[in-house]
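For reference, the structure discussed in these notes is given below.
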Amino acid sequence: MSGYRRAMVDAPVTLVVIDDAPEVRLFAKAQLRRSGQFMVVGEGGTGLDAIDLVREHQPDVLLLDISMPIMDGLEALPHIRSTSPRTRVVMYTGFDSQGLAERAKQLGAAAFLEKSAGGKPLAEELTRVLDIEVAQPDMPAATQHSPASGRDTDERFLDEHIERFREVFESAAIGMGTMTLAGRMVRANRKLADIFGLTADEVIGRPYAALAADDDIVTEAVMRASDAELTQFEHAARHRSHLRVMVTISPVRDEGQRPLYFFIQVQDVTGQRAAEEQLRQSEERFRLLVEAVEDYAIFMLDPGGHVVSWNNGAERINGYTADEIVGQHFRVFYPPDKQESRHPEHELRIAIREGHYEEEGWRIRKDGSQFWASVLITVVRNQASELVGFAKVTRDITERRRIASERERTMAALGDANRQLEKANVELVRGAEQQAQFLAITAHELRTPLSVILGSADSLATQLHEMDDAERTETVQAMRSSAARLRRLLADLLAAARLEAGVMQLQKQPVDLASVLDDAAISALALYPNADIQVSGERGARAIGDADRLSQMVENLLVNAIRYGAGPIELRAGRPNADQVCIEVRDHGGGIPAEQEPTLFERFATGTRSGTGLGLFIVRELARAHGGGARYENAHPGARFIVTLPAPGTAAPAVSAEPESGLAAPR
């Protein structure tokens, strides 16, 4: 091999395959072996395997996966290049090439190849991306047949819809990305990059731990993430020390439940943590304030209870000067009722018996005012254990008593606030779980039609002339149905994103509802040919709205009725009064469980069924955007969904979906 192009030779190209999925290695080896152009001399499942095998075999080409445990492909790539500079490394991954391919080439990769690769043979793709020429083995004419003419159209169709899904990913309001099992970023949306003050290209190819001030926290979390459904942790940013983020890591698994890569979600919680710290400091200042408000009166009593010494604190608290009080009995500090009951003398007797006495109670100042005192009387004895008097410490805690009462009220208020914070935290956790569930379900919903389209396209490409007309028709119909399912799913995702962001634009004009219902029924029958759909109602009913969005609402309700209800499905429109028109979709199935009704129109509400949980949410939000509403009724049997819209010639009122029967106007 010379430079980056091989002259045509008879000997096959030596190649090592590195992928942590055994079935992928088996698939690659089988395809390359059948091609006769490549000879697989080794295989492994980690980046460490790649380094060892390249050192041992010095192959012409290394087919290297990116997301692998222990050491991923990007981390291993520089070591591979230094071990065998002649080996051309092709990154072979399920991640798309946006930003990642450039990073791989910076590290020394010769080419970047996506595993989907439009269904083309692996050997053909390798020779294309590496720009090499090898001797072509003799192949039967049937296997050398060129792909079907419709293949490019199919790929363009898929590219278009994948691009629309990327737009949703990129415009998300939270930071999202994907990273390898070793913790290296391979995809990041704008929000994630903005959080760390970087561009998406600067994030891609970098270990996520490099973004954190403490990389040990990230490393430990990544190690745990493969075995958990959800891993959450917080960390400070390395280059933006004030920034604190909450990170959620979810493993994306294959059908055998093996982790393929990680989906990562990053939220800026700097403001939230600052508020919590401010609250903590406020509580600390409050505690110090309470402890600091302490004035002490310290004086001595003789064994009979007469004052024999006095300090400035005692004068400040009690109001007596030393000349005025020394020699008097300390009972003068007590209210009259305590003096009459000889409570002061009782205190001294207990102090003699116990060694000390303490209490809180009301005391009297020289001016007759009262204060709440904390009193400690300690017995003072000489070396012969003879009683020589008492040390008395009095503290005015009137203010503390008042503050304690206020603190109790404050703590009660803080308790309420804490419960609110806990409730908000529960909502945040539930939102994160719902989003993770939504992403997993969406991936599943996308995978099925994509698999059908790719499989059908491959069949047409390789077996077109072996099919009869019926088989070709069935294959094309399967592709069309799957494409329609993809189109509807992506339309829902885009609509939900625009509604959530408040950027949905409606082209309102008078719309013939009969046409909307007929078109929706035709679209549904294309997907579900055996569905029993009955269209009825006033044929002249018209509404003010965006025709495309009205069709989207009706199609969502109709497909839900077909998938989760039972026929016949009744679809009708009417005008119950001068101001409104109504669209009703009813099935004859089991209806909606009562416990699901309160959250039926909420985002991601799927219950125990499949689907993204966006369909009814979009119906309600689009209806509201039109100045109408949407609601559900149990039809006994079956489910009835009703959408109300403004009639032509009326302003769009704020409509609440109150219960009503059939197409009657809201009460």
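The values are calculated or read from the model by the stated rules, or taken from the named source; none is laboratory data. Note that the coordinates shown come from a computational prediction; the quantities given were computed from them, not determined experimentally. Quick reminder, even Gly has a Cβ in these numbers, built from the backbone with ideal geometry, and neighbours come from all protein chains shown. Please note that ligands, DNA and RNA were not included when accessible areas were found on the heavy atoms of the full protein model with its side chains. Shrake-Rupley method; radii C 1.70, N 1.55, O 1.52, S 1.80 Å.
Details
- Within region 466-484, the presence of a residue that is acidic (Asp, Glu), within 28 Å of Ala520 (Cα to Cα), crowded, with 18+ Cβ neighbours inside 10 Å and modelled with pLDDT under 75 is excluded.
- Total residues in region 240-265, condition open to solvent by 70 Å² or more (accessible area, probe 1.4 Å) and part of a strand (DSSP E or B): 1
- Evaluated against (1) in contact (Cβ under 8 Å) with a residue 40 or more places away in the chain; (2) surrounded by 14 or more Cβ atoms within 10 Å (Cβ to Cβ); (3) over 60 Å from the mean Cα position of the chain (by Cα), Glu399 falls short on exactly one condition, (3).
- When region 621-648 is limited to residues that are open to solvent by 30 Å² or more (accessible area, probe 1.4 Å) and outside any loop (DSSP other than H, G, I, E, B), the one that is farthest from Gly591 (Cα to Cα) turns out to be Ala625.
- Residue that is surrounded by the most Cβ atoms within 10 Å (Cβ to Cβ), among those in region 529-576 that are in contact with a strand residue (DSSP E or B) (Cβ under 7 Å, 6 or more places away or on another chain) and more than 25 Å from Gly627 (Cα to Cα): Ile569
- Checking region 65-73 against the condition returns no match, with no residue being over 30 Å from the mean Cα position of the chain (by Cα), of a type outside the set (Asp, Glu) and either surrounded by fewer than 16 Cβ atoms within 10 Å (Cβ to Cβ) or over 24 Å from Pro12 (Cβ atoms) (or both).
- Complete set of residues in region 192-203 that are in a helix (DSSP H, G or I) and without any contact (Cβ under 8 Å) to a residue 60 or more places away in the chain: Ala193, Asp194, Glu202, Val203
- Candidates are the residues of region 25-64 that are in a helix (DSSP H, G or I) and closer than 20 Å to Val186 by Cα; the one that is most open to solvent (accessible area, probe 1.4 Å) is Leu48.
- Some residue of region 416-436 being aliphatic (A, V, I, L, M), over 30 Å from Val252 (Cβ atoms) and under 43 Å from the mean Cα position of the chain (by Cα): yes
- Of all residues in region 291-323, those satisfying the criterion of being in a helix (DSSP H, G or I) and either crowded, with 16+ Cβ neighbours inside 10 Å or modelled with pLDDT of 95 or more (or both) are Gly313, Ala314, Glu315, Ile317, Asn318.
- Options Asp587, Asp579; residue that is closer than 26 Å to His626 by Cα and open to solvent by less than 50 Å² (accessible area, probe 1.4 Å): Asp587
- Candidate set: region 562-579, residues that are in contact with a Gly (Cβ under 6 Å, 6 or more places away or on another chain) and among the small types (Gly, Ala, Ser); chosen: the one nearest to Ile592 (Cα to Cα): Gly565
- Residue list for region 561-590, restricted to those being over 15 Å from Ala635 (Cα atoms), in a helix (DSSP H, G or I) and either of a type in the set (Asp, Glu) or in contact with a Lys or Arg (Cβ under 9 Å, 6 or more places away or on another chain) (or both): Arg563
- Residue in region 287-296 that is within 30 Å of Arg409 (Cβ to Cβ) and among the small types (Gly, Ala, Ser) present: yes
- Residue within region 411-429 that is in contact with a strand residue (DSSP E or B) (Cβ under 9 Å, 6 or more places away or on another chain) and within 30 Å of Val245 (Cβ to Cβ) present: yes
- None of Thr410, Thr462, Thr442, Thr448 is assigned to a helix (DSSP H, G or I), open to solvent by 40 Å² or more (accessible area, probe 1.4 Å) and modelled with pLDDT under 75 except Thr448.
- Every condition in (1) within 18 Å of Val393 (Cβ to Cβ); (2) small (Gly, Ala, Ser); (3) outside any helix (DSSP H, G or I) holds for Gly327 except the one numbered (1).
- Residue pairs whose Cβ atoms lie under 6 Å apart, sitting 6 or more positions apart in sequence or on different chains, and linking a residue in region 81-99 that is more than 17 Å from Ala123 (Cα to Cα) and assigned to a loop (DSSP other than H, G, I, E, B) to a partner that is modelled with pLDDT under 90 and among the hydrophobic types (A, V, I, L, M, F, W, C), are Phe95/Val186; Ser97/Phe112; Gly99/Ala200; Gly99/Ile204.
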